[in-house]
Amino acid sequence: MMKHLFDQSIDRANTHSVRWDKYGPGVIPLWVADMDFRSPECVMKALHSRVDHGIYGYTYASEELKENIAQYVQRTYHWTIQPDWISFLPSLVTGLHLSVRMLTHAGDHVLIPGPAYHHFKDAVVGAGRDYSTYEVQARGDGLCISLEELESLVKPNTRLLMVCNPHNPGGTVFTRTELELLAQFAKQHQLIICSDEIHADLILDEGVQHHPIGSISQAIQEYSFSLMSLNKTFNFPGLGLAWIICPNPKIRAGLLKDMHTLIPNPNLLAYEVTQAAIQEGGSWHQALIKYLRSNRDYVSQRINAMPGLSMAHLQATYLAWIDASQCHWENPFNTILDAGVAVSPGSQFGNQQFFRLNFGTQRQLLKTALDRIEIACLK
Ligand SMILES: Cc1ncc(COP(=O)(O)O)c(C=O)c1O
């Protein structure tokens, strides 16, 4: 029987993979967020054809790519945008740091989510800004962000509200109502919202819709912008391309003021793969979501059956956020590493009693990794 496309194991040795080379051959690496799947055929074809040209000079993003992105945003999220609201960056992390450095000044205060992808904190600390962390819980019942908490943290000098939607870790997808409330809060306190939406196309729950921040209302477009990329979805983060969608021209100009000094243009191949993925990657993407959903269900069922471990329902991403507090391990990351699996330590996101597990891999390898974690739990 032919193996499922995503079941095929692909040797990543000798590719200088950050994920695979860090811990060596005895350890299954389920940490940094890339997947063990080949990008779709259309992406590989686009690369081959551009590489075969042989000249790799300075290259700009075509108007066609911007228009394609605008159409993609319209058909995927039902948000009508203008192509000239789009600006390109070599990575989404660049966008997080740029947002803090360009839109706030020394002495300003920023609200960031936690536990969260570490670059939110790195961006404010790196820029020397004062900040407070608001809690994002994996969703049980009700709101996963507390507006009372936000109200208690906001200061007269708060300028920026950073959001990660869908959230990493935890995979929460904010509802329209939640975003409306966030928008009201931001308006009331005259904050700009910077929304990291890199995981927007990795929604695993059927019937759940991603809402880019600017799609919530016309008014919110005046004081918010989205950071997006297909790096995660189509598994080409090593090529690197992200974009800002910023409807307000003043905020856009502020963000881009010093571009092309410290920040290079994206790699020309990154334009090609993004274009190909948008135009022809649809069926691969659907198959990926199905495979990841089944991995998610498998991880959830196995983890929740292990003594001391638990995870809340994960709506999106391939990054499970697992609570190990009931294992009473001194350091969950070390215990799991000793068992032969490298996960991301919870401390990286702001909670040491958790760990994050990347299930963007073949089911068979995932099974072996979970067997190893289970043995550690039973010790
Ligand atoms: C929320 C979030 N933002 C940004 C990134 C990184 O994006 P890039 O590789 O484009 O810088 C990640 C990667 O894991 C992420 O989870």
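We did not get these values from a lab; they are worked out from the coordinates using the rules stated. As the structure is a prediction and not an experimental result, all values here were calculated from the model. Reconstructed Cβ throughout: ideal geometry from the backbone, glycine too, with neighbour counts over all protein chains shown.
Summary table
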{"quantity": "Per-residue ³J(HN,Hα) for segment 301-311, Karplus 6.51 cos²θ - 1.76 cosθ + 1.60, θ = phi - 60°, Hz, x for Gly and Pro", "calculated": "5, 5, 4, 5, 8, 8, x, x, 9, 7, 9"}
{"quantity": "Inverse mean reciprocal Cα-Cα distance (Kirkwood Rh) of the chain, Å", "calculated": "21.5 Å"}
{"quantity": "Sum of -39500 (n - 2.57) over DSSP H runs of 4+, divided by residues of the chain (222 nm, nearest 500)", "calculated": "-11500 deg cm²/dmol"}
{"quantity": "Leading residue at positive end of dipole, segment 1-94 (Cβ point charges), from Q74, Q8, G57", "calculated": "Q8"}
{"quantity": "Difference of contour (0.36 nm per residue) and Cα-Cα distance, H313 to H16", "calculated": "103.6 nm"}
{"quantity": "Least to most buried among S344, S99 (fewest other Cβ within 10 Å first)", "calculated": "S344, S99"}
{"quantity": "Cα centroid of segment 278-326 to Cα centroid of segment 23-81, whole Å", "calculated": "22 Å"}
{"quantity": "Neighbourhood charge, 12 Å Cβ-Cβ cut-off, centred on E374 and excluding it, Lys, Arg +1 and Asp, Glu -1", "calculated": "+3"}
{"quantity": "Dipole axis of segment 133-202 (+1 Lys, Arg; -1 Asp, Glu on Cβ), positive-most option in T158, L202, T133", "calculated": "T158"}
{"quantity": "Segment 254-354, relative contact order [Cα under 8 Å, separation at least 6], %", "calculated": "15 percent"}
{"quantity": "Lys, Arg +1 and Asp, Glu -1 on Cβ, resulting dipole of segment 223-379 about Cα centre, debye, nearest 20", "calculated": "260 debye"}
{"quantity": "Cα-based reach from K22 at 19 Å (exclusive), listing aspartates and glutamates while leaving out same-chain residues under 8 positions away", "calculated": "D11, D34, D36, D338"}
{"quantity": "Point-to-point label distance, D338-L378, nm (Cα→Cβ direction, 7 Å offset)", "calculated": "1.8 nm"}
{"quantity": "Positive dipole terminus of the chain, leading residue within G114, I303, L30 (C-beta point charges)", "calculated": "L30"}
{"quantity": "Set of lysines with alpha-carbon distance to K155 below 26 Å, sequence-local pairs under 8 removed", "calculated": "K121, K187, K250"}
{"quantity": "Mean projected area (nm²) of the alpha-carbon convex hull when segment 1-156 is viewed from all directions", "calculated": "16.2 nm²"}
{"quantity": "Overall dimensions of segment 56-280 as given by Cα atoms, namely Rg and Dmax in Å", "calculated": "16.6, 53"}
{"quantity": "Diffusion coefficient, µm² s⁻¹, Stokes-Einstein with Kirkwood Rh over alpha-carbon pairs of segment 182-338 at 37 °C and 0.692 mPa s", "calculated": "176 µm²/s"}
